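Structure, as structure tokens:
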Amino acid sequence: MSNKFAARVAKSALLAVALSTAVSVQAADLQKITYLLPAPPNSPAFAPWIIAQHKGYYGEEGLQVNFVAGKGGVDVAKQIGAGNALVGGAIGDTPIVVRANGVPVKAVAVLGAGGVTMVATDAEQNINSIADLKGKTMTVMSYSDTTYYALLASLKKAGLSKNDVNVQAAGPAGVWQLFTAKKAVAMAGVPDWVVNAEDAGLKVSLVPQSEIFESMAQAILASDKAIEQQPEVIGGVVQATLRGMRDIMQDPAAAAATFAEAVPSYKGKEASLEKIFNLYRDHVYANQATPGYIDPQRLENVRQFYVSEGIVNRETPLDELYTNQFVEAAQVATK
């Protein structure tokens, strides 16, 4: 492990959520692993992981998981590929980007059949479709984020180009704050930001998901080496995390209470958490016949877009981007 990365791990450890683990085995018997998240672990976007940790699901798989914040999904994938962490999280599109540059990682599960990108609009503007965005100003987090790529693909699907819309990169807070301040009429972002805008007093309308390009949801990534040499660990992470996702799907209100217990800064904000979890349940996690299953055709469509737009410089074989072996094993284990 490089000194630079080790220093970041030490610093990020301070951000790790203080989570209780209700397991019958002794902590000394658990295998310690580092799980890299693309941002600090106290975000509602990472609720399946936080809930799985808080309720002891990883412990039941024999794992003691230390969540560490990386610098975005691509950074997470690079660190996993370099062997600095065993597993990590990013959008399911990420292996398409990094594998083309020789980073040996695959997606081993994806949390939902939908994409995490939503296009929210100021309800007063009566914007009802992607085509209605022509000539308008909207925000994204950055020009290298997967939500931006999903927006570009959505524009293309509607017959527009990026030059038809004034897209402003505003950062993870500015993306919804500028939208709330009515300096933009729309934003492309994750469910968390939609609720942030609503809580700030903006009446929000969502462009129908049928108009949004079918990119991927959040995924669990692992290196080729880890998949080959430590499949039981990867399988345990997949199994436990999917249990956290199921808890949100089955009872968003109870999941909000659990998350607030795990992340005390959200105490008193359970109503907002429930709204966020409802959006994930209805728009991201829904319609996945087998929890965690990576749809090869959906991944292929995303790969074709990334190649056609020059986002990646070569077309990686599809079977090098993902495996469903751990999802299938988890499905058998729950029966």
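The values are calculated or read from the model by the stated rules, or taken from the named source; none is laboratory data. Treat the numbers as computed from the prediction; the structure is a model and nothing was measured. FYI the Cβ positions are ideal-geometry reconstructions off the backbone, even for glycines, and counts take in every protein chain you see. Note: areas computed on protein heavy atoms with side chains; ligands, DNA, RNA excluded. Shrake-Rupley method; radii C 1.70, N 1.55, O 1.52, S 1.80 Å.
Based on Cα atoms of region 258-329, Rg over Rh with Rh as the Kirkwood radius reads 1.15. Heavy-atom accessible area for Glu261, with the other protein chains in place and a 1.4 Å probe, reaches approximately 100 Å². Taking 7 Å steps out from each Cα toward its Cβ at Lys183 and Ala271 produces label points 2.9 nm apart. At an R0 of 25 angstrom, the distance between the Cβ atoms of Tyr143 and Asp319 translates into a FRET efficiency of 0.25. P(r) tail for region 203-292, what percent of Cα pairs lie past 17 Å? Pairs farther apart than 17 Å: 61 percent. Give the residues of region 89-126 whose amide nitrogen is closer than 12 Å to a point set 7 Å from the Cα of Asn301 in the direction of its Cβ. Counting only backbone N, you get 114-115.
Each of Ser161, Ser154, Ser308 has its accessible area taken with a 1.4 Å probe; listed largest first, they run Ser308, Ser161, Ser154. Per residue, the solvent-accessible area of the chain (1.4 Å probe, heavy atoms of protein chains only, all protein chains present) comes to 42 Å². With all pairs of different C-alpha atoms in the average, the Kirkwood value for the hydrodynamic radius of region 46-147 is 16.5 Å. The simple spin-label model puts a point 7 Å past each Cα toward its Cβ; for Glu328 and Lys71 those points are separated by 3.9 nm. Once both labels are positioned 7 Å from their Cα atoms along Cα-to-Cβ, the gap between Lys203 and Ser161 label points is 3.7 nm. Per-residue accessible area for Trp176 at 1.4 Å probe radius, Å² rounded to 10? The accessible area comes out at roughly 50 Å².
Restricted to Cα atoms, region 193-239 shows a radius of gyration and a Dmax of 18.5, 51 angstrom.
Rounded to the nearest Hz, the phi-derived 3J(HN,Hα) couplings of region 43-52 under the Karplus curve 6.51 cos²θ - 1.76 cosθ + 1.60 (θ = phi - 60°) are 8, x, 4, 9, 4, x, 6, 5, 5, 4, where x marks glycine and proline.
Between Ala257 and Ser308, the contour length at 0.36 nm per residue exceeds the Cα-Cα span by 14.0 nm. For the chain, the residue among Trp176, Ala254, Pro104 whose Cα projects farthest onto the positive side of the dipole built from Cβ charges is Trp176.
Checked against a 18 Å cut-off, the cross-linked pairs Lys106/Lys157; Lys134/Lys162; Lys183/Lys203; Lys182/Lys275; Lys157/Lys203 give Cα-Cα distances beyond that limit for Lys106/Lys157; Lys182/Lys275; Lys157/Lys203.
When ranked by the protection proxy of mean other Cβ atoms within 10 Å per residue, highest first, what sequence do the peptides 135-144, 103-112, 198-207 form? Don't skip to the answer; put the middle values down first.
On the way: 135-144: 17.8, 103-112: 24.9, 198-207: 15.2.
Ranking, from highest mean packing down: 103-112, 135-144, 198-207.
Per-residue ellipticity at 222 nm computed for the chain from its helices equals -12000 deg cm²/dmol, with DSSP H segments shorter than 4 residues left out and the rest contributing -39,500 (n - 2.57).
For the chain, the alpha-carbon coordinates run over 59, 48, 44 Å along the three principal axes, in decreasing order.
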